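Student: Once you've had a glance at the structure underneath, I'll fire off some questions.
The values are calculated or read from the model by the stated rules, or taken from the named source; none is laboratory data. What you see is a predicted model; the values in this text were computed from it and never measured. Neighbour counts run over all protein chains shown; Cβ positions are idealised from the backbone, glycine included.
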Amino acid sequence: MRRLLIVRTDAIGDAILWNGALPGLRAAFPRARIAIACRDAVAPIYETAPEIDDIIPVDIAAIARDPSTADEPAARLSAWGADLLLHPTRSREKHTEALVARVRAPRKIALESDLANCTPDERAAFDAAYHTVIPSPGINKPELERHADILRFFEAPLQAVHPRVILTDTDRASAAAALAPLRTDPCRVMVLAPAARWPIRLYPHWAEAVTLALRGTTVIDAIAVVGGAECRDAADSCVAAIADATPHLRHINLCGRTDLRVTIAVIEAARLCIGNETFTAHAAAAVATPSATLLGGGHLGRFMPYDPGSVCAVRPLACAGCDWRCPYTRPHCIRDIAPRLVAQAIRLALTPNPTGSPRVVTTAPHEPAPGEPHAAPLPAWLAPRTAVTLEHEPLPEPAR
């Protein structure tokens, strides 16, 4: 095969996970020229990937607004001249499928899709456009194992997948400059990423959780808030609340001030990264920085936990696995996580992990209030993969 075109139009976190599969694909197709079609915002993840020869930007949001706009990017992708088009996304959706259907390629292969973004009839119609659909058995399986299924299909000699971001010296120098106003060693900095792509996943109690976590410990003396320019004002409010409670803590708001890879380089330099289940959690795993992540129930176990450097704060409910189609008036799995539970996860993430497994801090079973979902244990398939700490269980002091 001479030319392989990969179509991935999803978000930054998905790209960090998929980036780790590229060495396996390159090993399977050592002489092929490889291109990836992706969103502009995601392109920096692939710019430093040595396996990628060409990046072709696609405005999938424009196609979602007006499906007829798929003709122009489809013509560009067709002109690239792929021998094989690979669509490796697990939750396929109609806008990218409309694009792929318009691309001319002698062979098209897709990963077996779930029903998170489509109906059974839509999935059947999607599959009809491909020559082969790669099987990925098992309803409950981490996303990285789906990527491994693709590599096994192509008989790649490298099949272990871990999130990956390749940073440059320039990225790291820019990150050092961004953190310099804090006037402290980066290993005493905690990165906070309070934003979320979807409002349903926003957590309103970060300031209280951070204040509780850092009370009585001096291993962290500065906080850097990261995210896009759109969350700058909200981040200012969060930092102000933290500063009122912990006046000794230095802080800087980098939202909108660093580009994508520099933001990841800031995470790499820091002692700890905390936030919602979003791209920063996968970035922390990619650069081996410990993380504490608030994990909701929408995709519980699919995208996290997987990394031994991570600690997840979880309030498991009987409605987990809803694909963020919440049947309640409020997302209890996010909004009702107590700040003390998140603080406990942060403190635990500051300690060494002797287990070799991802760690989870979770609530004990309790009776729900009227109209609220019932509590549940961690899913049976997920529990054996983690080291579980119950809420309020005593923790060791953070390592200095």
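Student: Counting just the residues of the stretch 98-136 that are assigned to a helix (DSSP H, G or I) and in contact with a strand residue (DSSP E or B) (Cβ under 8 Å, 6 or more places away or on another chain), which one comes out surrounded by the fewest Cβ atoms within 10 Å (Cβ to Cβ)? Don't jump to the end; show me each part of the working.
Tutor: Of all residues in the stretch 98-136, those assigned to a helix (DSSP H, G or I) come to 98-102, 120-128.
Going one step further and asking which of them are in contact with a strand residue (DSSP E or B) (Cβ under 8 Å, 6 or more places away or on another chain), we end up with 99-100, 126-127.
On the way: 99: 23, 100: 24, 126: 22, 127: 15.
Across the stretch 98-136, the extreme among qualifying residues is 127.
Student: When you go through (1) touching a Pro at 6+ places or on another chain (Cβ under 8 Å); (2) modelled with pLDDT of 95 or more one by one for residue 288, which number turns out not to apply?
Tutor: Condition (1) is where residue 288 drops out.
Student: Given the condition in contact with a helix residue (DSSP H, G or I) (Cβ under 8 Å, 6 or more places away or on another chain) and surrounded by fewer than 20 Cβ atoms within 10 Å (Cβ to Cβ), answer yes or no: does some residue in the stretch 79-88 qualify?
Tutor: no
Student: While we're looking at this one, here's another question. Kindly indicate which of 345, 338, 375, 349 is on the phi < 0 side of the Ramachandran plot, outside the structural domain of residue 140 (by TED's automatic domain parsing) and modelled with pLDDT under 90. Explain how you work it out, then say what you get.
Tutor: On the way: 345 fails: modelled with pLDDT under 90; 338 fails: modelled with pLDDT under 90; 349 fails: modelled with pLDDT under 90.
Going through 345, 338, 375, 349 in turn, just one is on the phi < 0 side of the Ramachandran plot, outside the structural domain of residue 140 (by TED's automatic domain parsing) and modelled with pLDDT under 90: 375.
Student: Within the stretch 360-367, is there a residue that is closer than 17 Å to residue 296 by Cβ, of a type in the set (A, V, I, L, M) and outside any helix (DSSP H, G or I)?
Tutor: Filtering the stretch 360-367 down to residues closer than 17 Å to residue 296 by Cβ leaves 360-363.
Still in the running and of a type in the set (A, V, I, L, M): 360-361.
Then drop every residue that is not outside any helix (DSSP H, G or I), which leaves 360-361.
Among the residues of the stretch 360-367, at least one is closer than 17 Å to residue 296 by Cβ, of a type in the set (A, V, I, L, M) and outside any helix (DSSP H, G or I), which makes the answer yes.
Student: Also: How many residues does the stretch 1-60 contain that are closer than 25 Å to residue 265 by Cα, of a type in the set (Val, Ile, Thr) and in a loop (DSSP other than H, G, I, E, B)?
Tutor: Qualifying residue count for the region: 3.
Student: What residue, of 207, 196, is out of contact with any Pro (no Cβ under 7 Å at 6 or more places or on another chain), in contact (Cβ under 8 Å) with a residue 40 or more places away in the chain and aliphatic (A, V, I, L, M)? Steps first, please.
Tutor: Details: 207 fails: in contact (Cβ under 8 Å) with a residue 40 or more places away in the chain.
After ruling out the rest, the residue left standing is 196.
Student: Further, regarding this structure: Given the condition among the aromatic types (Phe, Trp, Tyr) and under 20 Å from residue 130 (Cα atoms), answer yes or no: does some residue in the stretch 33-49 qualify? It would help to see each step written out before you state the result.
Tutor: First, pick out the residues of the stretch 33-49 that are among the aromatic types (Phe, Trp, Tyr): 46.
Those left that are additionally under 20 Å from residue 130 (Cα atoms): none.
No: the stretch 33-49 contains no residue that is among the aromatic types (Phe, Trp, Tyr) and under 20 Å from residue 130 (Cα atoms).
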